[in-house]
Amino acid sequence: MQPLTVTEASERILNGTITPIDLVDSCLDRIAAVDDHIHSYIHVDAEGARTAALEAKAEIDAGNWRGPLHGLPFAVKDNYDAAGMPATANSKTRLGNVPRQDCDLVRRLKAAGAILMGKLATWEFGTGNGGDYGDLPFPTARNPWDTERFPGGSSTGAGVAVAAGTAVFAMGSDTTGSVRLPAAATGTVGIIPTPGRLSLDGILPNCWSLDNPGPFTWTIADSATVLDAIADRTHWDAPAPLAFRRAVGQEIRGMRVAIITDVGPGMPEPDAEMAAAFEAGLDVLRGLGIDLVETRLPVAPATCFAATSIIGPAESAAIHEQELRERPDDLGFALRDKLLAGSLVRAVDYIAAQRQRQLVADAIEHLMNAFDALVTFGALHVSPHLGVEPEMTAFTMDTLLTPFSLSAHPALIQCTGYTDAGLPLHWQIVANRGDEASIYRLAGAYEAATPWRDRRPDL
Amino acid sequence: MTDSKKTEPFDIKPFARIHGLERLSPQHLARMAELAPRIAQLGRTIPRPPDKLDAPAQRCKLLKSTS
C-alpha cells in the first residue's frame, strides 16, 4: 500500500475506513520492512504509539475528533525533547538522556491528537559540515530514492521517514538549511516558517539566532495543515485558524512573483537537470497565469556564507562549551571541528557578522516588499553519494538557502520532478515575513498542475 | 620578497589552556592551530558597515515584534 498523506489519512479516519490503530500498525510494519535499509529512526516507541492510537480511536469513536491531525503518526528529529523517550541528538555525550517533558511542539502535536512514533536520525546536535565520518552512535540515514545516496542534513531522518512512509509527517529543525536540504534530497515538502512562528522551547539549540523548526510532509496541503496546528497564536501576527490550509487551492492569478535564476558570483551552476526542471516549473506557473519578474539576489551568497560561518560556530561553541571542555574525544569530527573553530572566533568578528546579517535582512526585505513570493533554487545539486567527497559537502554548501535564514523569511522546498536516474529535483519558494499563506497558495497551485506527488520511492 | 599576509605558526596550547580546553588531545590542538588563521581570515572578510549606527541583527527587530 502506498503511504498515506496527512490529508488522505485524516479523511479516511473521518469517514471510518481506517483507524489510528491501523495507521500506527502500518507505520510500524513499514519501519520493520525498510528501516534497516534507510535508518530513518534512532528510537521507535511502538508500545507508546499503540497506546496512544487506542486512546485516539476511543476519542474519535466517542465523537471527540480534535482536528485533522487526530490519530496520525508522526516522528521528530532527535534534538526534540519528548517525555520518556531517549534524546541523544546522535551524540555519545547524550546517551542515556531521557527528558521528563515534551518540547513545546511535541506537546502541541499531541494536543492536536497526533501520535508520536519515535525519534528520527540527525547529525550530532543538529550540526555538521556535509561530510559523513562514521563516528556517531547511530547509523547515517539513507535516501530512499537510492540508498547509496545521502538524504541531506541535519534533519537526516525526517525527509527519509516521510518519503519512505515510516511516518505520515515529521518535524525537523533548520539553521542554514537543515530542513530544506533533506526535503530537497528526498522529494518531500519542507518549510521553515517565519522565525517565531514555531516554538523552539525544548529543542536542543544549535545556533540561537538562526535556529528554526519546521515540518516535513508529502504534500503542500499536508504542510499547511501541520503548520496550522502548531503555529504560535500568541505571536504579533498570529494567523487565523486554518489560514494556511485555506490558502492551498486559492486563485494565484495576479500574484506578484519574482524569480532568481542567476545564482550569483562565486557559485557553481546548478545541475543541468535541476536547471531544466526549474525552467519547466516556471513555464507551469506562466501557464497558470502568473507574470514572473526576473530579479537578482541583492546580496552575494558568499557574503551570507561568511557571516554564517562566523555566527554558527561561535554560537555552537557557546552552547556546547562544556562538552568541548570535558569530553572532546566523545564528539564526532564534524561537531568537534565546528566547536574548535567557534572557540577561535573573536567577539568583534561575531558582532560584525551580526551587523552584516541585519544589512542582508534589510536588503532582502526591500526586495521581497515588491512581491508576494520569490522562486529560486534551493540546493544546486541532487542528493550526493554517501561518503563521496567533495560531492557530499558540495550538496550542503552550494545552495541558495543561507540568505533566507539570515533574512528571517519563510521558505519552502518543493519537488519539481526527477532526474533520469530517479532522484528528486526541487525549487525554493520564499515569501514575506508572516505570509506563509502566499507560499502555500503558489506551491499548492504548482503541485496541482504537476504529477510529481504520484511517485514514491521503490524500496 | 616577504609575504606580509603570511601567518606565523600559532602556538595554540597557551590559548587552549587559558580558555579551559586542557582536555584537547595533541591532534585536536593541531587541528585548532590549523583552523586559527582560517578563522581569523574569515573574520576579516566580514564587511564592516561604515555607519556606527548599523547595529547587530536582533531577533526581535527582524521580526518587528511588538511584544
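A short reminder: the numbers here are calculations on the coordinates, not readings from a lab. Being a predicted model, the structure only gives us computed values, none of them experimental. Cβ: placed from backbone, ideal geometry, glycine included. Neighbour counts: every protein chain shown.
Of note:
- Using C-alpha pairs under 8 Å with a sequence gap of at least 6, the mean separation divided by the residue count of chain A gives a relative contact order of 18 percent.
- By the count of other C-beta atoms within 10 Å, a proxy for reagent exposure, A:Val375, A:Val44 are ordered fewest to most as A:Val44, A:Val375.
- The length gained on full extension between A:Leu292 and A:Ala240, counted as 0.36 nm times the residue separation minus their Cα-Cα distance, comes to 15.8 nm.
- Modelled FRET efficiency - R0 35 Å, A:Ala300 with B:Glu34, Cβ distances, 0.05 increments: 0.85
- Under 5 Å from the amide H of A:Gly417 lie the amide H atoms of A:Leu425, each residue being 5 or more positions distant or on a separate chain, with H modelled from the backbone and absent for Pro and chain starts.
- Hz values of 3J(HN,Hα) by residue in region A:29-43 - Karplus curve (6.51, -1.76, 1.60), Gly and Pro given as x: 4, 5, 4, 4, 7, 10, 5, 5, 8, 10, 6, 6, 9, 9, 8
- Whole-Hz ³J(HN,Hα) from phi, Karplus 6.51 cos²θ - 1.76 cosθ + 1.60, for region A:223-228, glycine and proline x: 4, 4, 5, 5, 5, 4
- Exercise: per-residue mean of other protein chain Cβ atoms within 10 Å, A:301-308: 2
- Excluding same-chain neighbours fewer than eight residues apart, the aspartates and glutamates reachable from B:Lys13 by a Cα-Cα span under 13 Å are B:Glu22, B:Glu34.
- Chain A: calculated mean residue ellipticity at 222 nm from DSSP helix runs of at least 4, using -39500 (n - 2.57): -12500 deg cm²/dmol
- The charge dipole of chain A, taken about the Cα centre with unit charges on the Cβ atoms of Lys, Arg (+1) and Asp, Glu (-1), comes to about 880 debye, rounded to the nearest 20.
- The percentage of C-alpha pairs in region A:166-304 whose separation is greater than 24 Å is 44%.
- For chymotrypsin sites (Phe, Trp or Tyr not before Pro), the sites in region A:232-291 that DSSP calls loop and that have at most 16 other Cβ atoms within 10 Å are A:Trp236.
- Paramagnetic label zone (point 7 Å from Cα along Cα-to-C-beta, A:Thr17; backbone N under 19 Å) in region A:155-172: A:168
- Extending 7 Å from Cα along the Cβ direction at B:Gln58 and again at A:Glu55 yields two label points whose distance is 4.2 nm.
- The count of lysine pairs in chain A that are at least 8 places apart or cross chains, and whose C-alpha atoms lie under 18 Å apart, stands at 7.
- Neighbour-count order for A:Asp362, A:Asp222, fewest beta carbons within 10 angstrom listed first: A:Asp362, A:Asp222
- Per-residue average of Cβ from other chains inside 10 Å of B:33-44: 5
- FRET efficiency, 1/(1 + (r/R0)^6) with R0 51 Å, evaluated for B:Thr45 and A:Trp65 via beta carbons: 0.35
- Using every pair of distinct Cα positions in chain A, the Kirkwood expression returns a hydrodynamic radius of 21.7 angstrom.
- Nearest-0.05 FRET efficiency for B:Arg23 and A:Asp283, computed from C-beta distance (R0 51 Å): 0.30
- A:Thr450 long-range amide H proximity, modeled H, under 5 Å: none
- Ascending count of other beta-carbon atoms within 10 Å, so fewest first, for A:Trp208, A:Trp123: A:Trp208, A:Trp123
- Phi angles across region A:86-95 convert, under the Karplus curve 6.51 cos²θ - 1.76 cosθ + 1.60 with θ = phi - 60°, into 3J(HN,Hα) values of x, 10, 9, 6, 6, 10, 4, 6, 10, 5 Hz, Gly and Pro given as x.
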